[in-house]
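Engineer: Please read through the structure below; I'll follow up with questions.
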Ligand SMILES: Cc1ncc(COP(=O)(O)O)c(C=O)c1O
Ligand code: FES
């Protein structure tokens, strides 16, 4: 049902956990299926130096959470805001059709964390 | 890698002796049971022998057994065939919210065609109480259909009592006994059952064979039209090899049913005790006493069922889940919703259904794997 890549990320997810005193926190859920995700980020001089996630969900939700955090680490904020759920699904070598929304959970989680960071520094720009 | 199959409610492997019995009926004894020549007569004889055995197994007469393609067809035939035969006389059906889709979807379809349907809600154990059935009866009720054993929870409904109520009111009573047949003694006369569905692949027989028991004198219209097979009840050349296999599977059940039920009860209790002592925050679902031996349905707090299933599968263990993520529709199973499980438990539900191949050793391996998996997934989940 799932691609190898999804299974790899599900078995060995990157960046699981929680950053203490993070610069941004994103918490999102999908009320229909009950999946939940929490992302914390550390930002230094406009660059995401650390990112961690915690997810309650099925294989797709966990793999997408891992996948969305991977390319972000070490990237300037400007670049990370462009990441979409389509990118996540493609990077995972595709998701079953009924599981595409799980990658949206990951996108929304990242965006919520970035949004929270921008709010904290009172930057007049909101993503969501 | 080890392979441990604990999904016997979904389907079972064909028993070796069953397969042996079937094999000649594909090549040497391939006749059409409706043909006059000896090839046909040979097939006719074994089909009738099978009918006799299956009938005897549930206390029916052989003329009351119709062979067909399985549980889904039997359920469709019962509901649609009766509705059609009773059109003009009956307009209301009583069933339950925890039936298999073969009943629920058929009832939904009949609703679109002007029949009204009451879906009784079970208690928190998944049990339907006889008084609920009695209270739902209306003057225009012509059919009550309540499943014998629920496939997700293993909860066993009081079929005999419900049958008595139906009889007192002169209403037809159908039961989907797909998960009970071959596991519990069934007596259609003592239980006042008018129609009963059963399927071969749940009892170590081949897939694609089943029966509908139809009590003598019941008016029912055909579902599959064509030639006059099965005493003009169901058209289609008989699946002779399948029927022979089903016959053998029933014969084996006759011999091992009681013993196997006792063994599985011990095994399930061993399983649950081990789970309870090694994994925190888990509850057992289903009725504490009114349930079949092989099913253990549990909810793990703070873990999602599909993630559990995939992780178990990677360790060679096959089970199933009613969680939203595992369903394909992103909604938790209708049965789990019906027993009103708390939201934090609903999506952490796993069903293990034990069968003839399972041993205590399988359970030790499974519980070890499961405690590791649950711990890993819980650590990955945000605390809410
Ligand atoms: C309770 C119940 N009814 C009906 C069916 C359908 O039976 P079959 O697979 O033979 O069509 C099943 C099995 O999936 C079942 O568990
Ligand atoms: S539906 Fe739960 S994984 Fe997305």
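Engineer: Which one is farthest from ligand 2 (Cβ to nearest atom), of the residues in region A:18-31 that are surrounded by fewer than 20 Cβ atoms within 10 Å (Cβ to Cβ) and assigned to a loop (DSSP other than H, G, I, E, B)?
Structural biologist: Result: A:21.
Engineer: Looking for something outside any helix (DSSP H, G or I), in contact (Cβ under 8 Å) with a residue 60 or more places away in the chain, away from chain A (no Cβ under 14 Å) and away from ligand 2 (no atom under 16 Å from the Cβ) - is there at least one such residue anywhere in region B:43-57?
Structural biologist: Of the residues in region B:43-57, the ones outside any helix (DSSP H, G or I) are none.
Within region B:43-57 (the criterion being outside any helix (DSSP H, G or I), in contact (Cβ under 8 Å) with a residue 60 or more places away in the chain, away from chain A (no Cβ under 14 Å) and away from ligand 2 (no atom under 16 Å from the Cβ)), the answer is no, since none of the residues qualifies.
Engineer: Given the criteria within 16 Å of ligand 1 (Cβ to nearest atom), surrounded by fewer than 21 Cβ atoms within 10 Å (Cβ to Cβ) and more than 14 Å from chain A (Cβ to nearest Cβ), does residue B:97 qualify?
Structural biologist: On the way: within 16 Å of ligand 1 (Cβ to nearest atom): yes; surrounded by fewer than 21 Cβ atoms within 10 Å (Cβ to Cβ): yes; more than 14 Å from chain A (Cβ to nearest Cβ): yes.
Yes; evaluated as a whole, the condition is true for this residue.
Engineer: Just give me the residues in region B:300-324 being at the interface with chain A (Cβ under 10 Å from one of its Cβ atoms) and within 23 Å of the chain's Cα centre (by Cα), in sequence order.
Structural biologist: B:305, B:306, B:309, B:321, B:323, B:324
Engineer: Give me a count of the residues in region A:46-75 that are assigned to a strand (DSSP E or B), in contact with a helix residue (DSSP H, G or I) (Cβ under 9 Å, 6 or more places away or on another chain) and more than 14 Å from every other protein chain (Cβ to nearest Cβ).
Structural biologist: Result for region A:46-75: 3.
Engineer: Specify the residue that is modelled with the lowest pLDDT; the eligible residues are those in region B:327-354 that are within 16 Å of ligand 1 (Cβ to nearest atom) and closer than 16 Å to residue A:32 by Cβ.
Structural biologist: B:328
Yes/no per residue for (1) within 19 Å of residue A:40 (Cα to Cα); (2) touching a strand residue (DSSP E or B) at 6+ places or on another chain (Cβ under 6 Å):
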{"residue": "A:74", "(1), (2)": "yes, no"}
{"residue": "A:79", "(1), (2)": "yes, no"}
{"residue": "A:83", "(1), (2)": "yes, no"}
{"residue": "A:89", "(1), (2)": "no, no"}
{"residue": "A:104", "(1), (2)": "yes, no"}
{"residue": "A:108", "(1), (2)": "yes, yes"}
{"residue": "A:113", "(1), (2)": "yes, yes"}
{"residue": "A:116", "(1), (2)": "yes, yes"}
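Engineer: Test each condition in (1) under 20 Å from residue B:310 (Cβ atoms); (2) surrounded by fewer than 24 Cβ atoms within 10 Å (Cβ to Cβ); (3) at pLDDT 90 or above for residue A:34 and report the one that comes out false.
Structural biologist: Failing condition for residue A:34: (3).
Engineer: Of all the residues that make up region B:325-363, how many are away from every other protein chain (no Cβ under 12 Å), over 27 Å from residue B:1 (Cβ atoms) and not in a helix (DSSP H, G or I)?
Structural biologist: 3
Engineer: When region B:194-205 is examined, which residues are found to be touching a residue at least 60 places away in the same chain (Cβ under 8 Å) and either more than 11 Å from ligand 1 (Cβ to nearest atom) or over 15 Å from the mean Cα position of the chain (by Cα) (or both)?
Structural biologist: Narrowing region B:194-205 to residues touching a residue at least 60 places away in the same chain (Cβ under 8 Å): B:195-205.
Within region B:194-205, B:195, B:196, B:204 qualify.
Engineer: Still on this model: Across region B:66-92, which residue is surrounded by the fewest Cβ atoms within 10 Å (Cβ to Cβ) among those that are in a loop (DSSP other than H, G, I, E, B) and more than 12 Å from ligand 1 (Cβ to nearest atom)?
Structural biologist: Step by step, filter region B:66-92, then rank; the result is B:88.
Engineer: Considering only residues of region A:76-98 that are touching a residue at least 60 places away in the same chain (Cβ under 8 Å) and within 14 Å of another protein chain (Cβ to nearest Cβ), which is surrounded by the fewest Cβ atoms within 10 Å (Cβ to Cβ)?
Structural biologist: First, pick out the residues of region A:76-98 that are touching a residue at least 60 places away in the same chain (Cβ under 8 Å): A:91-96.
From the residues that got through so far, the ones that are within 14 Å of another protein chain (Cβ to nearest Cβ) too are A:95-96.
Working: A:95: 24, A:96: 14.
Of everything passing the filter in region A:76-98, A:96 is surrounded by the fewest Cβ atoms within 10 Å (Cβ to Cβ).
Engineer: Report whether or not residue A:32 is in contact with a helix residue (DSSP H, G or I) (Cβ under 9 Å, 6 or more places away or on another chain), within 14 Å of chain B (Cβ to nearest Cβ) and in contact (Cβ under 8 Å) with a residue 12 or more places away in the chain.
Structural biologist: So residue A:32 does not fit the description; no.
Engineer: Of B:44, B:51, which residue is in contact with a strand residue (DSSP E or B) (Cβ under 8 Å, 6 or more places away or on another chain), within 23 Å of residue B:199 (Cα to Cα) and in the same structural domain as residue B:205 (by TED's automatic domain parsing)? Can you show your working first?
Structural biologist: On the way: B:44 fails: in contact with a strand residue (DSSP E or B) (Cβ under 8 Å, 6 or more places away or on another chain).
Only one candidate qualifies: B:51.
Engineer: Now a separate question. Out of B:181, B:142, report the one residue that is more than 16 Å from ligand 2 (Cβ to nearest atom) and either within 30 Å of residue B:23 (Cα to Cα) or crowded, with 24+ Cβ neighbours inside 10 Å (or both). Working first, answer last.
Structural biologist: Numbers: B:142 fails: either within 30 Å of residue B:23 (Cα to Cα) or crowded, with 24+ Cβ neighbours inside 10 Å (or both).
After ruling out the rest, the residue left standing is B:181.
Engineer: While we're on this one: Residues that are at the interface with another protein chain (Cβ under 9 Å from one of its Cβ atoms) and at pLDDT below 95: does region A:38-45 have at least one?
Structural biologist: no
Engineer: What are the residues in region B:2-22 that are more than 15 Å from ligand 1 (Cβ to nearest atom), in contact with a helix residue (DSSP H, G or I) (Cβ under 9 Å, 6 or more places away or on another chain) and over 11 Å from residue B:352 (Cβ atoms), if any?
Structural biologist: Matches in region B:2-22: B:2, B:15, B:17, B:18, B:19, B:20, B:21, B:22.
The values are calculated or read from the model by the stated rules, or taken from the named source; none is laboratory data. Keep in mind the model is a prediction, meaning the values are calculated, not measured. Every residue, glycine among them, receives a Cβ derived from its backbone with ideal geometry; neighbour counts consider all protein chains shown.
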